[in-house]
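Working notes, beginning with the structure itself.
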Amino acid sequence: MDDYVAEFERKRKNSKDTPVAILAIHVLNDFVSKSNVGTLQQLLEQLKELSKQLKATAGSSTTSVASGCDLFVRFITLSRGQNAPSSEIDILECKGFDPVRKFLVDRGNLFMKRLKDSRRKIAQLAYPFISDGVTVLTVNISRVVLEILMKAHEKAKKFKVLVTEGEEGPLMVKKLNDQGIQATLILDASIGFVMERVSFVLVGAVGVVENGGLINKLGTYPVAVMARSLNKPFYVAVESFKFYRNYPLSQLDLPNDAKYENPEDTKHPEVDFTPPKYINKLFTDLGVLTPSAVSDELIKLYI
């Protein structure tokens, strides 16, 4: 498995524009296609161990990698509803493992295809909320937020974007400006000053937990609190593979491996937790959701 972990780390370094969770799922799917085990149970045990190792090397993306890997394994092995074709049911009950492996790889490829379509679906749902003349505030960098803003710009919407500095805010501003979108970098400490002229806040997510709360780049929570104090809508754009089976009630409830790049160094967290009461809507590939609807969607994803 060391080769697959090394491949994951290589992909992280060379594929900056691809979500870390998708890179991990690519590695899992590759592992399934090349596995030489003889039973489904053996494969599941190895996938569980590999997922654990990928999560341990994912840094601040631990949350999305954990949820993405879990959903991938469930999708290829367990997602067989009552209306599933009889051939799908029979193939997992056959004696030889080769046809089972082929079936699992096909399911994995289908899962990957759905992941690739998720950002496009979210952008299609969210861009109508951006009307001419609005000012959007976003936190740091988010690929799915970038996709939404690019879609709105493609539809000839005229708007401005304010981006908090954070770690990669300058990169977000550059990507927006390169697309012809007017974007300005602001200091993290200036959100109270600029919030009055903001129309709404739109952020991405590292993960969304069972109660509809948000795990995202550090600095998101104070932005949400300030937005609520001035009655500014706070929207989250997130792919469903980032739905995370956890129920934190405060910052301290987040596990250390989700908060810190290095769990042994707990001085500076990479993310914070925004309670669901501060969130107005979530734009997802499953539709536009309220925070209270997330738990229902998680149940559907995991049965």
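The values are calculated or read from the model by the stated rules, or taken from the named source; none is laboratory data. These figures come from a predicted structure and were not determined experimentally. Positions of Cβ are generated from backbone atoms using ideal geometry, with glycine treated the same way; all protein chains shown enter the neighbour counts. Areas reflect the complete protein model, heavy atoms only, side chains present, ligands, DNA and RNA absent. Shrake-Rupley method; radii C 1.70, N 1.55, O 1.52, S 1.80 Å.
Would a scan of segment 22-41 turn up a residue that is open to solvent by less than 10 Å² (accessible area, probe 1.4 Å), modelled with pLDDT under 90 and within 29 Å of residue 288 (Cα to Cα)? No, because not a single residue in segment 22-41 is open to solvent by less than 10 Å² (accessible area, probe 1.4 Å), modelled with pLDDT under 90 and within 29 Å of residue 288 (Cα to Cα).
Please verify whether segment 62-80 includes one or more residues that are over 30 Å from residue 265 (Cβ atoms), of a type in the set (S, T, N, Q), modelled with pLDDT under 90 and in a helix (DSSP H, G or I). Yes.
Quick one: is residue 270 under 16 Å from residue 166 (Cβ atoms) and charged (D, E, K, R)? Before the answer, list the steps.
On the way: under 16 Å from residue 166 (Cβ atoms): yes; charged (D, E, K, R): yes.
The answer is yes for residue 270.
The test for being within 15 Å of residue 225 (Cα to Cα) and either over 21 Å from the mean Cα position of the chain (by Cα) or not basic (Lys, Arg) (or both) does not hold for residue 208. Are any of the residues in segment 137-152 in contact with a His (Cβ under 9 Å, 6 or more places away or on another chain), modelled with pLDDT of 95 or more and assigned to a helix (DSSP H, G or I)? No, the conditions are met nowhere in segment 137-152.
The set of residues in segment 147-170 that are surrounded by fewer than 23 Cβ atoms within 10 Å (Cβ to Cβ) and either within 15 Å of residue 216 (Cβ to Cβ) or acidic (Asp, Glu) (or both) comprises 147, 154, 165, 166, 167, 168. Scanning segment 93-136 for residues that are buried (at least 21 other Cβ atoms within 10 Å of the Cβ), over 28 Å from residue 23 (Cα atoms) and at pLDDT below 95 yields nothing.
Restricting segment 268-303 to residues that are in a helix (DSSP H, G or I) and β-branched (Val, Ile, Thr), the residue that is least open to solvent (accessible area, probe 1.4 Å) is 294. A Cβ distance below 6 Å, combined with a sequence gap of six or more or placement on separate chains, defines the contacts here; from segment 117-140, residues that are touching a residue at least 12 places away in the same chain (Cβ under 8 Å) and closer than 16 Å to residue 233 by Cα reach residues that are open to solvent by less than 10 Å² (accessible area, probe 1.4 Å) and in a loop (DSSP other than H, G, I, E, B) in the pairs 135/198; 137/198. For segment 268-301, the set of residues classified as polar (S, T, N, Q) and in contact with a helix residue (DSSP H, G or I) (Cβ under 8 Å, 6 or more places away or on another chain) consists of 274, 284, 292, listed by residue number.
The residue of segment 109-136 that is nearest to residue 272 (Cα to Cα), among those that are assigned to a helix (DSSP H, G or I) and hydroxyl-bearing (Ser, Thr, Tyr), is 118. So, residue 216, is that one free of Cβ contacts under 8 Å to residues at least 12 places away in the same chain and either within 20 Å of residue 196 (Cβ to Cβ) or under 17 Å from the mean Cα position of the chain (by Cα) (or both) or not? Criteria not met by residue 216.
When segment 170-219 is filtered for residues that are of a type in the set (Lys, Arg) and closer than 22 Å to residue 273 by Cβ, only 217 remains.
Residues in segment 44-70 that are within 24 Å of residue 300 (Cα to Cα), of a type in the set (A, V, I, L, M, F, W, C) and open to solvent by less than 10 Å² (accessible area, probe 1.4 Å): 47, 65, 69.
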